[in-house]
Amino acid sequence: MPWYQDVPDSVMPVTCEGHQHQIIWSAGKVKLVDHPQIDAERTLVALGGTKPRCLELLELWDLAVKDGGFIEEWAPWQKADSQRRWWLGTAIERLRSEGVQDFLFDLPRDRALQMGEFSTAVPHAFLDRAMATVVDDGYQRGWDFNPSLTRHLAEATKLRARRSFVAALASQRPSIPNPALVPFSCTVDLTLKPKIIGRLSGRDSKIEITLHPKWLSDVWARGVSVFQDKFTLDVNEAGDKTTLTQVEWIPERRSLTPHIVTHQL
């Protein structure tokens, strides 16, 4: 089952050719609702016609999921941040006019400009889905990402895993005081299976988690990183069945220890 199975559609309103159009992400694909004959429109553009804004954004999406460079900007921001987006728009104009690159430092200027434009042109939900597409495609190819992109994906995994872990602990019964203060370490590894070790025991609490960066597409992008108040380590597919590997906390003497449980979706 593909990662985008049952992931909700995302809609982007676009001002195009003097009208309000819609671009929809659905089941892993981006669709131009108001442009049913894309090939014909591309032919007109090739003959000298004006390219519709919707078509510009579709081409920018295709470039972004092929390039993946936008992930450097996306990784530290789990949610949309209007101030950051405003700053990035200003930085893009500065790069155009002055040649000064203040963002996406791992990319050459031309790619930074394109990936910066993508990061500001689409809603944050589209960025999330583009990231998952990049990760899933890379996994299918044998994880051929360069070291810098691999590093950014690792940092993104750690950030989102920690926040999901804290959210899951906040629902733990009996409750865990100040779950955000629990010492938490996440190792991102391409070879090891997802696992968790440690315990919750007041000042002696310590948690260590190991995840593959594909957790971002398989788990986080699916919206099941916390499911039924449990942290999800992995998703497994068998035929038409999807099973979550999750963490359940079991009382043991004066502490809580993690146990692996499965839940079928």
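The values are calculated or read from the model by the stated rules, or taken from the named source; none is laboratory data. Quick caveat: nothing in here was measured; it's all calculated off a predicted structure. Backbone-built Cβ (ideal geometry, glycine too); neighbour counts: all protein chains shown.
Observations on the model:
- Residue, modelled with the lowest pLDDT, within the stretch 225-243, restricted to residues that are among the aliphatic types (A, V, I, L, M) and touching a Lys or Arg at 6+ places or on another chain (Cβ under 8 Å): Val235
- Every pair of residues 6+ apart whose Cβ atoms lie under 8 Å, when the first sits in the stretch 209-220 and is among the polar types (S, T, N, Q) while the second is assigned to a loop (DSSP other than H, G, I, E, B): Thr210/Asp189; Thr210/Leu192; Thr210/Lys193; Thr210/Pro194; Ser217/Trp3
A quick yes/no check of all residues on (1) crowded, with 20+ Cβ neighbours inside 10 Å; (2) among the hydroxyl-bearing types (Ser, Thr, Tyr):
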residue: Thr191; (1), (2): no, yes
residue: Ala221; (1), (2): yes, no
residue: Val226; (1), (2): yes, no
residue: Glu248; (1), (2): no, no
residue: His263; (1), (2): no, no
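- Where helices (runs of 4 or more DSSP H) sit wholly within the stretch 68-131, those with at least 3 residues that are among the hydroxyl-bearing types (Ser, Thr, Tyr) occupy 82-98.
- Filter result (surrounded by 15 or more Cβ atoms within 10 Å (Cβ to Cβ) and within 28 Å of Asp136 (Cβ to Cβ)) within the stretch 12-23: Met12, Val14, His21, Ile23
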